[in-house]
Amino acid sequence: MWGIIATWAMAYDGVLKGSKLLTNKNSSVKAIEETIKSVEDEPSFRSVGYGGLPNEKGIVELDSGFMDGDKMSVGAVGGLTGFKNPISIAIKLSEESYNNFLVGRGAEEYARLNGFEEKDMAAERSLEIWREKKKSFSEENMKAYDGHDTVGVVTLDTYGKMCAGTSTSGLFMKREGRVGDSPLCGGGFYVDSEVGGAAATGVGEDIMKGCLSYEVVRLMKEGCHPQEAAERAVIELSEKLKRKANISRDISVVCMNNNGEWGIGTNIDEFSFVIAREDMDLVIFLAKRINGKLEYIKATDKWLEDYMSKEIK
Ligand code: SD4
């Protein structure tokens, strides 16, 4: 059984590519890399890769993380500028014995030495949005900018190998050097092929407090169905933050176990995700809380059209 699950509808084309690779018995690593690269390369998505939204100084700083659930190897980059595909660099870093998580200049030097493609990742449209927002923005009202989302993916291949990965430009107007949960193993992503994997999106400052992706995998290991694991982990973290810090911001997570069973958790009104499995065609679902219960609704063409026009605007 192969399977793939990803955060946000923007991952649709990527998941399509990934699922074709998995159907053709390619590895989880290849599938996750191509899935995430596809989102990174698409300029209309303003929160990942090329065209990602800049930090407060107008620079696009990218974060990405990768984990191989067979080897328990991890690679990650933080605050990376000027390279086309952060996920490929994270995967390469996971093959090193030391220095698996590199940031800023060190990450860029590593990428250059290893021949990764360089590219100015700031698209004109994202700089325009940045200029508009800069005028009204102050730290007091800092919140995850609408539509600012991380691509987080979990893959299971026909050999039973699982991987998890993320890629993001992080929070819009973040401070220079700010790194969120996305490249943090255990926070933004985690996978163990003996159990399953998870990947998160939302406000990194909150997600990392709950080591959210690890917590989801831990609950699956204890026997929870992925849906219960994801929902419990998000709700418990969110409730705890409300109780102890008086505020809980956007948190969502997708997960899959090594049987291809999947689940999601979210504390926002509508969270979209993409799923494909050997026995199930690719679907974009919207998770909505209806009368306190999380329900999945298939995204309609009209919904998708609106979503895309919002992204491209
Ligand atoms: C971060 N988790 O840098 C990322 C941003 C994100 O939906 O996923 N936003 O905190």
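The values are calculated or read from the model by the stated rules, or taken from the named source; none is laboratory data. What you are looking at is a predicted structure, and each value in this text was computed from that prediction instead of being measured. In this analysis, Cβ positions are derived from the backbone assuming ideal geometry, glycine residues included, and neighbour counts consider all displayed protein chains. When the accessible area is computed, the model is the full protein with side chains, heavy atoms only, and any ligands, DNA or RNA have been set aside. Shrake-Rupley method; radii C 1.70, N 1.55, O 1.52, S 1.80 Å.
You can think of it this way: the chain between residue 114 and residue 205 has 29.6 nm of extra reach, that is 0.36 nm per residue less the Cα-Cα gap. Near residue 162: Cβ cut-off under 10 Å, other residues only, Lys/Arg at +1 and Asp/Glu at -1. The net charge is -4.
Secondary structure note: in the stretch 1-105, about 65% of the DSSP beta bridges are antiparallel.
Overall shape: prolate for the stretch 78-134, with the ratio a/c of the largest to smallest alpha carbon gyration tensor axis at 1.5 or above and a/b above b/c. Note on the stretch 107-134 and the stretch 34-74: Cα centroid distance 11 Å, given to the nearest whole angstrom.
Tell me the net charge near residue 220. Cut-off is 11 Å between Cβ atoms, residue 220 excluded, with +1 for each Lys or Arg and -1 for each Asp or Glu.
In short, -3.
Can you find, among 171, 214, 8, the residue farthest towards the positive end of the dipole of the chain? Put +1 on the C-beta of Lys and Arg, -1 on that of Asp and Glu. Of the candidates, 171 comes out farthest on the positive side. Surface listing: 98, 159, 307 arranged by accessible area from highest to lowest gives 98, 159, 307, probe 1.4 Å. About the centre of its Cα atoms, the chain shows a dipole size close to 560 debye [charges on the beta carbon of Lys, Arg (+1) and Asp, Glu (-1) only; nearest 20 debye]. Per-residue Karplus couplings for the stretch 195-209, computed as 6.51 cos²θ - 1.76 cosθ + 1.60 with θ equal to phi - 60°, are listed in order as 10, x, x, 8, 8, 10, 8, x, 7, x, 4, 8, 4, 5, 5 Hz, Gly and Pro entered as x.
With the highest mean first, a sort of the peptides 296-302, 190-196 on other beta-carbon atoms found within 10 angstrom per residue produces 190-196, 296-302. Note on residue 211: accessible area approximately 70 square angstrom, rounded to 10, probe 1.4 Å, nucleic acids and ligands left out.
Applying 1/(1 + (r/R0)^6) with R0 = 22 Å to the Cβ-Cβ distance of residue 269 and residue 127, what FRET efficiency is obtained, to the nearest 0.05?
Values: r = 30 Å, r/R0 = 1.36.
E between residue 269 and residue 127, to the nearest 0.05, is 0.15.
For the pair the stretch 151-197 and the stretch 237-263, the centres of their Cα atoms are 14 angstrom apart. Placing +1 on the Cβ of every Lys and Arg and -1 on the Cβ of every Asp and Glu, with no other charges, gives the stretch 175-217 a dipole of roughly 160 debye about its Cα centre. Think of each Lys and Arg Cβ as +1 and each Asp and Glu Cβ as -1; about the Cα centre, that makes the dipole of the stretch 165-313 roughly 700 debye.
Compute the accessible area per residue over the chain, keeping the other protein chains in place, probe 1.4 Å, unit Å². Walk me through the numbers before you get to the answer.
Details: 13510 Å² over 313 residues.
Result: 43 Å² of accessible area for each residue.
Calculated on the alpha-carbon coordinates, the convex hull of the chain measures out at 123 cubic angstrom per residue. Once you've got the GNM for the chain with C-alpha springs shorter than 10 Å, pick whichever of 303, 130, 262 has the biggest mean-square fluctuation. Highest fluctuation among the options: 303.
Set the bar at 32 Å for Cα to Cα. Now go through 57/92; 25/298; 119/240 and name every pair that lies beyond it. Kindly include the intermediate steps, with their values, before the conclusion.
On the way: 57/92 29 Å; 25/298 27 Å; 119/240 41 Å.
Checking Cα-Cα distances, 119/240 exceed 32 Å.
A straight Cα-to-Cα reach below 28 Å connects residue 244 with the lysines 143, 174, 209, 221, 288, 293, residues fewer than 8 places away in its own chain not being considered. What's the local net charge at residue 91, with K and R +1, D and E -1, over the other residues with C-beta under 9 Å away? Result for the neighbourhood of residue 91: -2.
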